[in-house]
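The values are calculated or read from the model by the stated rules, or taken from the named source; none is laboratory data. Here the structure is a predicted model, which is why all the values come from computation and not from measurement. Counting neighbours? That spans all protein chains shown, and the Cβs are built from the backbone with ideal geometry, glycine included. Protein only, heavy atoms only, side chains kept; ligands, DNA and RNA dropped before computing areas. Shrake-Rupley method; radii C 1.70, N 1.55, O 1.52, S 1.80 Å.
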Amino acid sequence: MRISQLLIGLFAGVLSLAAYAEEPIVIKFSHVVAIDTPKGKAAEMFAKKAAELTKGRVRVEVYANSTLYKDKEEMEALQLGAVQMLAPSLAKFGPLGVKEFEVFDLPFIFSNYDDLHKVTTGPVGKQLLTKLESKGIRGLAFWDNGFKSFSLNTPIKVPADLKGKKMRIQSSKVLEEQMRAVGSLPQVMAFSEVYQALQTGVVDGTENPISNLYTQKMYEVQKHLTVTDHGYLGYAVIVNKKFWDGLPADIRKQLDEAMEQATRYANQIAKVENDESLEKVKKSGKTAVYVPTKEERLAFKKAMVPVHKKMEGRIGKEVIESVYKDIGFKPDAL
Ligand code: LMR
């Protein structure tokens with residue numbers, strides 16, 4: 001009797017141990033944009049590939065649209081290990097103390113995605129990700145979104161049209177200077193609060209890639225959008241370093257592969273998603289879309305490029321010059 005009880009107990013113990021051993025490793029991946037955006041779709045793709053390649057040993061739970069954390073809280077949550085993975089916009093690393101990342105916020109520094117990729121896939125991109133290690137963060141990849149445009153309730157054709165307007169920006173000293181360069185009043189605000197702030201007139205306008213403007217329905221509360229493409233907004237995919245380093249080596253390798261595939265996908269769809277969003281905004285009939293002439297865009301560039309010099313002390317002259325060199329930056333050309 002006693003032996004059989006012991007055997008039953010032992011059997012139950014083995015069973016529960018086996019169940020425990022099969023529990024998947026959970027990666028919480030938090031972000032602030034809609035699922036139907038370049039970042040949202042790439043995050044879902046990573047989750048799918050991670051499950052496939054690890055044969056279910058890893059489960060990636062994606063929390064979109066600020067459902068878990070808002071902008072600022074995200075980074076703290078990652079450092080504390082409350083979430084394991086994020087893809088914050090590159091502007092979010094300046095406030096973290098890695099100011100070199102703000103080079104990506106400089107207005108008109110990149111003319112197109114090719115320029116940008118020269119930097120993100122080259123030595124500067126690699127070096128920037130390495131700088132995150134001292135913050136307890138491992139940088140895995142850069143994911144594209146796109147080029148930002150200005151929106152307001154009044155037409156925007158010349159830089160002076162932004163004068164005196166309260167413009168929502170991400171928390172970035174470079175973006176603050178960019179807005180001041182055209183006489184507008186920068187207002188730092190979490191992404192999840194922008195729609196309401198535009199609706200209630202707390203701010204007059206904003207800047208964002210069109211995929212964000214469309215999926216957050218900002219076009220419903222902005223009468224004018226001018227396709228200025230005046231600055232870049234993209235992401236770094238990051239993980240809690242301690243968590244990542246503690247993963248079994250084979251799993252980490254499979255996740256690296258999943259990330260590579262998700263990154264390829266993200267960077268393939270970003271431009272298409274933004275182009276399609278622009279068409280949808282036009283079709284909505286709620287926002288008048290204006291494409292500036294070359295001369296008009298050049299006027300915005302001339303007004304904003306002095307920000308590069310002004311921010312040199314903060315971002316670092318060396319980083320800015322390395323980027324200029326990589327892309328052959330010309331302050332007077334479009
Ligand atoms: C913003 O706050 O405007 C962006 O960082 C949102 C995003 O992640 O694309």
Under 8 Å by Cβ, and 6 or more places apart or on different chains, what pairs join a residue from region 98-119 that is over 17 Å from F150 (Cα atoms) with one that is of a type in the set (S, T, N, Q) and open to solvent by less than 10 Å² (accessible area, probe 1.4 Å)?
E102/S172
I need the full set of residues from region 51-91 which are surrounded by 20 or more Cβ atoms within 10 Å (Cβ to Cβ), out of contact with any Phe, Trp or Tyr (no Cβ under 8 Å at 6 or more places or on another chain) and of a type in the set (D, E, K, R), in order please.
E74
Checking K253 against (1) outside any helix (DSSP H, G or I); (2) farther than 24 Å from Y290 by Cα; (3) open to solvent by 10 Å² or more (accessible area, probe 1.4 Å): exactly one of these is not met. Which one?
(1)
Looking for something part of a helix (DSSP H, G or I), in contact with a Lys or Arg (Cβ under 7 Å, 6 or more places away or on another chain) and over 23 Å from E193 (Cα atoms) - is there at least one such residue anywhere in region 93-110?
yes
Within region 9-35, of all residues that are open to solvent by less than 50 Å² (accessible area, probe 1.4 Å), outside any strand (DSSP E or B) and more than 17 Å from K70 (Cβ to Cβ), the one modelled with the highest pLDDT is P24
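Does A43 satisfy the criteria of being free of Cβ contacts under 8 Å to residues at least 24 places away in the same chain, among the hydrophobic types (A, V, I, L, M, F, W, C) and open to solvent by less than 40 Å² (accessible area, probe 1.4 Å)?
Working: free of Cβ contacts under 8 Å to residues at least 24 places away in the same chain: no; among the hydrophobic types (A, V, I, L, M, F, W, C): yes; open to solvent by less than 40 Å² (accessible area, probe 1.4 Å): yes.
Spelling it out, it is not the case that A43 is free of Cβ contacts under 8 Å to residues at least 24 places away in the same chain, among the hydrophobic types (A, V, I, L, M, F, W, C) and open to solvent by less than 40 Å² (accessible area, probe 1.4 Å).
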Would you be able to tell me the number of residues in region 190-215 that are under 26 Å from R297 (Cβ atoms), within 9 Å of the ligand (Cβ to nearest atom) and open to solvent by 30 Å² or more (accessible area, probe 1.4 Å)?
0
For region 46-77, enumerate the residues that are in contact with a helix residue (DSSP H, G or I) (Cβ under 6 Å, 6 or more places away or on another chain), touching a residue at least 40 places away in the same chain (Cβ under 8 Å), within 11 Å of the ligand (Cβ to nearest atom) and of a type outside the set (D, E, K, R).
S66
Since K286 meets every condition but one in (1) without any contact (Cβ under 8 Å) to a residue 24 or more places away in the chain; (2) not in a helix (DSSP H, G or I), which condition does it not meet?
(1)
Hey, among the residues in region 143-161 that are open to solvent by 20 Å² or more (accessible area, probe 1.4 Å) and not in a loop (DSSP other than H, G, I, E, B), which one's nearest to the ligand (Cβ to nearest atom)?
F147
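Based on this model, can you work out whether V83 counts as on the phi < 0 side of the Ramachandran plot, at pLDDT 95 or above and not in a helix (DSSP H, G or I)?
yes
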Does S134 satisfy being open to solvent by less than 10 Å² (accessible area, probe 1.4 Å), at negative phi and more than 11 Å from the ligand (Cβ to nearest atom)?
no
Residue pairs within 7 Å by beta carbon, gap of at least six or interchain, first lying in region 206-233 and more than 20 Å from K157 (Cα to Cα), second more than 15 Å from the ligand (Cβ to nearest atom) and open to solvent by 20 Å² or more (accessible area, probe 1.4 Å), listed first then second, are Y214/K280; E220/K286
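Of the residues E318, E260, E296, which is surrounded by 15 or more Cβ atoms within 10 Å (Cβ to Cβ), among the acidic types (D, E) and more than 16 Å from the ligand (Cβ to nearest atom)? Before the answer, list the steps.
Numbers: E318 fails: surrounded by 15 or more Cβ atoms within 10 Å (Cβ to Cβ); E260 fails: surrounded by 15 or more Cβ atoms within 10 Å (Cβ to Cβ).
None of the other options fit; the residue is E296.
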Return the total of residues in region 226-246 being more than 17 Å from M179 (Cβ to Cβ), outside any helix (DSSP H, G or I) and open to solvent by less than 10 Å² (accessible area, probe 1.4 Å).
6
Complete set of residues in region 90-103 that are out of contact with any Gly (no Cβ under 7 Å at 6 or more places or on another chain) and within 14 Å of the ligand (Cβ to nearest atom):
A91, K92, F93, G94, P95, L96
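For region 263-274, enumerate the residues that are open to solvent by less than 30 Å² (accessible area, probe 1.4 Å) and not aliphatic (A, V, I, L, M). Full working, then the answer.
Step one: of region 263-274, the residues open to solvent by less than 30 Å² (accessible area, probe 1.4 Å) are 263, 266, 269-270, 273-274.
Within region 263-274, T263, E273, N274 qualify.
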